[in-house]
1. Among A31, A22, A26, which is touching an Asp or Glu at 6+ places or on another chain (Cβ under 7 Å) and either open to solvent by 90 Å² or more (accessible area, probe 1.4 Å) or over 30 Å from G115 (Cβ atoms) (or both)?
2. Working only within segment 199-227, note down all residues that are among the β-branched types (V, I, T) and either assigned to a loop (DSSP other than H, G, I, E, B) or open to solvent by 30 Å² or more (accessible area, probe 1.4 Å) (or both).
3. Within the group L93, L99, L67, which residue is hydrophobic (A, V, I, L, M, F, W, C) and farther than 12 Å from R127 by Cβ?
4. Give me the residue from segment 6-21 that is of a type in the set (D, E, K, R) and within 31 Å of the chain's Cα centre (by Cα) and, out of that set, farthest from R43 (Cα to Cα).
5. For segment 208-231, indicate whether the set of residues that are in contact with a Phe, Trp or Tyr (Cβ under 9 Å, 6 or more places away or on another chain), within 21 Å of K135 (Cα to Cα) and modelled with pLDDT under 95 is non-empty.
6. Inspect segment 108-119 for any residue being touching a Pro at 6+ places or on another chain (Cβ under 8 Å) and either farther than 22 Å from P201 by Cβ or modelled with pLDDT of 95 or more (or both) and give the result as yes or no.
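The values are calculated or read from the model by the stated rules, or taken from the named source; none is laboratory data. Note that the structure is predicted; figures quoted are calculated from it, not measured. Note that each Cβ is placed from the backbone with ideal geometry, even for glycine, and that neighbours are counted across all protein chains shown. For the accessible areas, the whole protein counts, side chains as well, though only heavy atoms, and no ligand, DNA or RNA atoms are used. Shrake-Rupley method; radii C 1.70, N 1.55, O 1.52, S 1.80 Å.
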Amino acid sequence: MSESVYTTIEDCARFLKVDLSAGGMAAFADAHSLDDRELEVIRDLFEHLRDRKEANVIEMQLKLSHLPLKAPKTFDNFDFDYLHVRGKDAAALKNLPTLSTLYSRRNLAFIGPTGVGKTHLAMAFGRACCEKGLKTAFLKGTELRDKFIHARNTGRIGTLIASLVKPSCLIIDEVGRCKFDHDCTEMFFDVIDRRYHKEGPNTMIFTSNTLTSQWGQFFEGDESLLCALDRAFDDATVFVMRGASYRGRGLESVAVEAGPKAIVQNKNVK
Ligand SMILES: Nc1ncnc2c1ncn2[C@@H]1O[C@H](COP(=O)(O)OP(=O)(O)O)[C@@H](O)[C@H]1O
Ligand SMILES: [Mg+2]
């Protein structure tokens, strides 16, 4: 029997956290005089168990992530051509599905007006991470603020911070929709700092209507505290997205001028 059957079984066993090496499997096959067909059936069983576990892990990660399970936002259902991004940014945007920023441990920000697809892209990235079996968390900025306040009031700051450091991909949607007081700012920046020092695939993804250079206004803290914010963008990829909302694409915008000689102007937004 070719070596690949044994190594396939070993790979599956590792994923299933079962202690079985290729050599161990070969010795077992010898001891039981297994023929090729019988070995293939064992390999198929291991592959089946691996696939089932993989599917369960993905399902669990999706559930825990708080990403929408119904009508999910994915890279496949994102129209990359709608954005009309040019040059280097266009290539970087189209490369998002490779998750290279996750593995190179860089943060991402999608900045732009409402409806241009910032949340969609952030969610698609998060979903792709879940599909790799990686822990992901999606929160709106206001939810994060509320969680910090609740943790402060109930003495569970450590647990909350640990839960925000753990995910490989942490998405904070709509930064700037609310202001973080001094305590919340301190907790948030503690999360950024600890994430910076942890190992493994790691990215934070932010969306906002406001340029990152102006985010200081949303956080209450002294200079040294706000340095953590710079750290989050030390080596980040920031997409500044412009253009009309995707929701209104192809719609006719009708500008009506009142008066005796009203002019109706039809303009195709797209
Ligand atoms: N380029 C796109 N391709 C496909 N759907 C898009 C695109 N841009 C936006 N959308 C859709 O338009 C709606 C608004 O996008 P969203 O990501 O919520 O915008 P933003 O977060 O920038 O305000 C969502 O339903 C989203 O799926
Ligand atoms: Mg949004």
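1. On the way: A31 fails: touching an Asp or Glu at 6+ places or on another chain (Cβ under 7 Å); A26 fails: touching an Asp or Glu at 6+ places or on another chain (Cβ under 7 Å).
On inspection, the qualifying residue turns out to be A22.
2. Just the residues of segment 199-227 that are among the β-branched types (V, I, T), to begin with: 203, 205, 207, 210, 212.
Those that are among the β-branched types (V, I, T) and either assigned to a loop (DSSP other than H, G, I, E, B) or open to solvent by 30 Å² or more (accessible area, probe 1.4 Å) (or both): T210, T212.
3. On the way: L99 fails: farther than 12 Å from R127 by Cβ; L67 fails: farther than 12 Å from R127 by Cβ.
Every option except L93 fails the conditions.
4. If we filter segment 6-21 for residues that are of a type in the set (D, E, K, R), which is where we start, we get 10-11, 14, 17, 19.
Still in the list and also within 31 Å of the chain's Cα centre (by Cα): 10-11, 14, 17.
Numbers: E10: 9, D11: 10, R14: 13, K17: 16 Å.
Filtering first and then ranking leaves K17.
5. no
6. If we filter segment 108-119 for residues that are touching a Pro at 6+ places or on another chain (Cβ under 8 Å), which is where we start, we get none.
The answer is no, given that none of the residues of segment 108-119 is touching a Pro at 6+ places or on another chain (Cβ under 8 Å) and either farther than 22 Å from P201 by Cβ or modelled with pLDDT of 95 or more (or both).
Conditions (1) out of contact with any helix residue (DSSP H, G or I) (no Cβ under 8 Å at 6 or more places or on another chain); (2) over 30 Å from N95 (Cα atoms), marked per residue:
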site: L121; (1), (2): no, no
site: F125; (1), (2): no, no
site: F138; (1), (2): no, no
site: D146; (1), (2): yes, yes
site: A151; (1), (2): no, yes
site: E186; (1), (2): no, yes
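Yes/no per residue for (1) assigned to a helix (DSSP H, G or I); (2) open to solvent by 20 Å² or more (accessible area, probe 1.4 Å); (3) of a type outside the set (S, T, Y):
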site: D89; (1), (2), (3): yes, yes, yes
site: A92; (1), (2), (3): yes, yes, yes
site: A109; (1), (2), (3): no, no, yes
site: V116; (1), (2), (3): no, no, yes
site: A122; (1), (2), (3): yes, no, yes
site: L134; (1), (2), (3): no, yes, yes
site: L139; (1), (2), (3): no, no, yes
site: F148; (1), (2), (3): yes, no, yes
site: T159; (1), (2), (3): yes, yes, no
